[in-house]
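**Student:** Have a look at the structure that comes next, please.
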Amino acid sequence: MAGTGFVTALPETVRRDLLARGQARVFGKGQIIQQRGDIAKEFWYINSGSVQIGRYGIDGRLTLFAMLSAGDTFGELAFMGEFPRTVDAIAGNDCTLIRIGDSELQSLMESDPAVTRLLLKTMALTVQESFNLIEYSRNLSVPQRLAQALLQLCGDQEGGAEVLATQQDLADLVGVSRVSLGKAMTKLQSSGLIEPGYGSVTIRDGLALQEFVTG
């Protein structure tokens, strides 16, 4: 996945200090935050709202890789690796982000050596998620892939949860047509696992949904 809870995983005092050093930026729905090929001079923490991560094709269509929400960070891999951005980031709705640049991160790493280890762990998890995505697309059915995407969006909660995403968002994320997505939604709904709403999906039982993916 393109974003992580790296900042959220920091000790509270360290997290508060880092975010206080960063710069708050407000983006309107649909506004481009970063583009593929940009020089990475910062990474971002989502304070509120949602962000879509993907790539625009030559036809202008966005291939969606992930949908991130409050508490997630993105852009740290290109920032730490000092290479151009590999994905586009777009505000999924009105959102407030905290920009964290080199000076803010460097001062944090000097004040707490554990931050460096957390960064390395985050990078390793991101690579693992990439392998997982390949495995899911090859071995899982469309309903299972949809279930997995919903679990990722709600943070793998075992109880009930609401995912704020349209059917088009989910179709793009799973990589299928709206028709195929609709059939998969019907399958999960008839199994009592989810309840579609307007611009949202309610997960009735996260544990049962996990079992559906692995079953």
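None of the figures in this text is laboratory data; all of them are computed from the coordinates on show. Predicted model only: the values in this text are computed from it and were never measured. We place every Cβ from the backbone using ideal geometry, glycine too, and count neighbours over all the protein chains shown.
**Student:** Out of 27, 83, 43, any idea which swings most in a Gaussian network model of the chain, alpha carbons joined below 10 Å?
**Tutor:** Between 27, 83, 43, it is 83 that shows the largest mean-square fluctuation.
**Student:** Report the Rg/Rh value for segment 140-214, based on alpha-carbon coordinates and the Kirkwood definition of Rh. Intermediate results must be reported in sequence, preceding the final value.
**Tutor:** Details: Rg = 10.6 Å, Rh = 11.7 Å.
Across segment 140-214, the Cα-based Rg/Rh ratio is 0.90.
**Student:** Based on the alpha-carbon set only, what is the convex hull volume of the chain divided per residue, in Å³? Can you show the working numbers first?
**Tutor:** Values: hull volume 26.4 nm³, N = 215.
Measuring per residue, one finds 123 Å³ for the Cα hull of the chain.
**Student:** Placing +1 on the Cβ of each Lys and Arg and -1 on the Cβ of each Asp and Glu in the chain, which of 196, 83, 27 has its Cα farthest towards the positive end of the resulting dipole?
**Tutor:** Checked the options; the winner is 196.
**Student:** Suppose only helical runs count, i.e. DSSP H with n ≥ 4. What mean residue ellipticity at 222 nm does that imply for the chain under -39500 (n - 2.57) per run, divided by all residues and rounded to the nearest 500 deg cm²/dmol? Intermediate values should be presented prior to the final figure.
**Tutor:** Details: 8 runs with 94 residues, N = 215.
Taken over the chain, the calculation gives -13500 deg cm²/dmol.
**Student:** Of the options 56, 100, 114, report the single residue whose Cα projects farthest towards the positive end of the charge dipole of the chain (beta-carbon charges: Lys, Arg +1; Asp, Glu -1).
**Tutor:** About the Cα centre, the residue reaching furthest to the positive side is 56.
**Student:** Calculate how steeply helix 142-153 sits against the longest principal axis of the alpha-carbon atoms of the chain, using the helix alpha-carbon long axis, and give the answer as 0 to 90 degrees to the nearest 10.
**Tutor:** Helix 142-153 sits at roughly 30 degrees to that axis.
**Student:** Give me 67, 185, 80 sorted ascending by neighbouring Cβ count inside 10 Å, so fewest comes first.
**Tutor:** Details: 67 25, 185 21, 80 16.
In order of increasing Cβ crowding within 10 Å: 80, 185, 67.
**Student:** About the Cα centre of the chain, how large is the charge dipole given +1 on each Lys and Arg Cβ and -1 on each Asp and Glu Cβ? Please answer in debye to the nearest 20.
**Tutor:** Details: 19 positive and 24 negative charges, 103 e Å.
For this selection, approximately 500 debye.
**Student:** Just rank 187, 29, fewest to most, by other beta-carbon atoms within 10 angstrom. Each step should come with its number before you reach the end.
**Tutor:** Values: 187 18, 29 12.
Ranking 187, 29 by Cβ neighbours within 10 Å, fewest first, gives 29, 187.
**Student:** Determine how many Å³ per residue the convex hull of the Cα atoms of segment 1-122 encloses.
**Tutor:** Working: hull volume 10.8 nm³, N = 122.
That works out to 89 Å³ per residue.
**Student:** Given Cβ point charges of +1 (Lys, Arg) and -1 (Asp, Glu) and nothing else, what value in debye, to the nearest 20, does the dipole of segment 140-214 about its Cα centre take? Mind dumping the intermediate values first?
**Tutor:** On the way: 5 positive and 8 negative charges, 70 e Å.
Taking the Cα centre of segment 140-214 as origin, the dipole is about 340 debye.
**Student:** Among 12, 76, 162, whose mean-square fluctuation peaks in a Gaussian network model of the chain (Cα, cutoff 10 Å)?
**Tutor:** 12
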